[in-house]
Amino acid sequence: MNRQQTIGQKLFHKSTAVVALTVIFFTVVIAVFAYVIAPDNTPFANNMAIELAAKQPGFSTHFLLVPKMVNQSEPPAWQAFWSGKPTNFVSVPINGYFVKGNQLVVRHYVDDGLEDTLHYSLSSLQSSPNYSLNDVIKNQIKTQTFWLGTDRYGRDILSRLIVGTRVSISVGLVAVLLSLSIGIFLGSIAGYYGGWVDDLVMWVINILWSIPTLLLVFAITLTIGKGFWEIFIAIGLTMWVGAARLIRGQVKVLKEMEYITAARALGLSDMRIIFRHILPNIAGPVMVIAASNFATAILIEAGLSFLGIGVQPPQPSWGLMIKEHYNFLLANRPILAIIPGIAIMLLVYAFNVLGNALRDVLDVRD
């Protein structure tokens, strides 16, 4: 416990590590509370208004909420918190409105300097049987500001960026857990037993090491399919090689130590020696490679989504957001691709800085 406290104190004395931990902490908080924080809390933040395509950050407009023909049932609170709440309204952007008899007449926003007139009867706007036009004006005309602008489908970029945080955090977490589980098991038995076991594991490692990571992920993805969980598994199954090589080397050194010889003399089983006496002493290097793998997994997922074989629309992903808008880099809306790119850069940089800080604090080079 004292050593853990010392490691924590050393880590928090490094300003770069503190900044990295702060970025990671707030990213995790945003990922967990995504649909609470996001202005658009519909599933996948996929509420479209085609008229508002590719608007600049800070754009603000009014919306008339027109009830849909078929209403969806209210989801449980936990489901709305985790998966978003489907809307029973169609958002119609408007420049203004006035009442004419029993109708609401709105100036429908079509584009900058272009609008048309739409007439809505009270019956078509009532979201409740007892609503009057005044109730409609009060409850179904809203103002929204798009702080980071809109994408080419008129969706709120800020909301999709927030919800897309979940993909990056999830892919890093699943990939790290999967890669470390395989890497620790194979690396530890290869390093501890040596002989043909070591030769077999190293043969598999060298084969996989010779295949480019993206090609290997492509092959696994084509085998198990494209999707949210499939891409996580594919990335995790390609990242265990580095962990296994590192752990194998550490185990080969530690198994020659006197306390391991004493444990064997006491008749302790090999599995107990490996998991109770060897692996706890290489926790430092494992933590470093976990931070590194987390950053690598985020980059791989972003690259795969950019190529179209990662997370599939309409689910937001930072890499997918870049893919959808990279052509705007040469147009007058480069911010659409730059914003998710900056988010990827900051999160990957934070994990790399954390990994370097852990390496220095744990002194794994000695």
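The table for this structure:
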read-out	value
Matching entry among Ile189, Ile182, Ile224 (being in the same structural domain as Asn332 (by TED's automatic domain parsing), free of Cβ contacts under 8 Å to residues at least 60 places away in the same chain and either closer than 30 Å to Asn41 by Cα or surrounded by fewer than 24 Cβ atoms within 10 Å (Cβ to Cβ) (or both))	Ile224
Tabulated pairs, region 53-75, first in contact (Cβ under 8 Å) with a residue 40 or more places away in the chain and within 18 Å of Asn139 (Cα to Cα), second among the small types (Gly, Ala, Ser) and surrounded by fewer than 17 Cβ atoms within 10 Å (Cβ to Cβ), C-beta under 9 angstrom, 6+ apart or interchain	His62/Gly96; Leu65/Ser127; Val66/Ser124; Pro67/Ser124; Pro67/Ser127
Boolean, Thr238 is out of contact with any strand residue (DSSP E or B) (no Cβ under 9 Å at 6 or more places or on another chain), at pLDDT 90 or above, under 15 Å from Leu180 (Cα atoms) and crowded, with 21+ Cβ neighbours inside 10 Å	no
Check on Leu114, within 17 Å of His62 (Cβ to Cβ) and at pLDDT below 95	yes
Number of the condition not met by Ile344 [criteria: (1) surrounded by fewer than 18 Cβ atoms within 10 Å (Cβ to Cβ); (2) in contact (Cβ under 8 Å) with a residue 12 or more places away in the chain]	(1)
Filter result for Ile282 (surrounded by 21 or more Cβ atoms within 10 Å (Cβ to Cβ), farther than 30 Å from Ala31 by Cα and in contact (Cβ under 8 Å) with a residue 60 or more places away in the chain)	no
Among (1) under 23 Å from Gly242 (Cα atoms); (2) at pLDDT 90 or above; (3) in contact with an Asp or Glu (Cβ under 7 Å, 6 or more places away or on another chain) - the single one Gly319 does not satisfy	(1)
Checklist (1) small (Gly, Ala, Ser); (2) in contact with a Phe, Trp or Tyr (Cβ under 6 Å, 6 or more places away or on another chain); (3) without any contact (Cβ under 8 Å) to a residue 40 or more places away in the chain applied to Gly96, failing item	(2)
Within region 110-151, tally of residues that are surrounded by 12 or more Cβ atoms within 10 Å (Cβ to Cβ), free of Cβ contacts under 8 Å to residues at least 24 places away in the same chain and not polar (S, T, N, Q)	4
Only listed residue being over 38 Å from the mean Cα position of the chain (by Cα), assigned to a helix (DSSP H, G or I) and either assigned by TED's automatic domain parsing to the domain that holds His62 or within 30 Å of Leu347 (Cβ to Cβ) (or both), chosen from Asn134, Asn130	Asn134
Residue list for region 254-296, filter: assigned to a helix (DSSP H, G or I), among the aliphatic types (A, V, I, L, M) and more than 23 Å from Asn356 (Cα to Cα)	Leu254, Ile260, Ala262, Ala263, Ala265, Met271, Ile273, Ile274, Ile278
Filtered residue count, region 167-217, keeping only those that are closer than 29 Å to Gly319 by Cβ, of a type in the set (Gly, Ala, Ser) and assigned to a helix (DSSP H, G or I)	7
Region 243-268, residues that are more than 21 Å from Gly195 (Cβ to Cβ) and either acidic (Asp, Glu) or buried (at least 18 other Cβ atoms within 10 Å of the Cβ) (or both)	Ala243, Glu258
Top-ranked residue in region 309-332 [being in a loop (DSSP other than H, G, I, E, B) and in contact with a Lys or Arg (Cβ under 7 Å, 6 or more places away or on another chain); ranked as surrounded by the most Cβ atoms within 10 Å (Cβ to Cβ)]	Pro316
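Each row is one residue, and each column tells you yes or no for (1) in contact with a helix residue (DSSP H, G or I) (Cβ under 8 Å, 6 or more places away or on another chain); (2) assigned by TED's automatic domain parsing to the domain that holds Ser127.
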{"site": "Gly8", "(1), (2)": "no, no"}
{"site": "Val23", "(1), (2)": "yes, no"}
{"site": "Thr42", "(1), (2)": "no, no"}
{"site": "Ser60", "(1), (2)": "no, yes"}
{"site": "Leu65", "(1), (2)": "yes, yes"}
{"site": "Gln79", "(1), (2)": "no, yes"}
{"site": "Gly84", "(1), (2)": "yes, yes"}
{"site": "Asn88", "(1), (2)": "no, yes"}
{"site": "Gly96", "(1), (2)": "no, yes"}
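Conditions (1) over 23 Å from Val286 (Cα atoms); (2) in contact with a Ser or Thr (Cβ under 9 Å, 6 or more places away or on another chain), marked per residue:
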{"residue": "Ile169", "(1), (2)": "no, yes"}
{"residue": "Leu173", "(1), (2)": "no, no"}
{"residue": "Gly194", "(1), (2)": "no, no"}
{"residue": "Asp198", "(1), (2)": "no, no"}
{"residue": "Val204", "(1), (2)": "no, no"}
{"residue": "Leu208", "(1), (2)": "no, yes"}
{"residue": "Ile220", "(1), (2)": "yes, yes"}
{"residue": "Ile224", "(1), (2)": "yes, no"}
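The values are calculated or read from the model by the stated rules, or taken from the named source; none is laboratory data. Just so it is clear, the structure is predicted and the values come from calculations on it, not from any experiment. Using ideal geometry, Cβ is built from the backbone for each residue, glycine included, and neighbour counts are taken over all protein chains shown.
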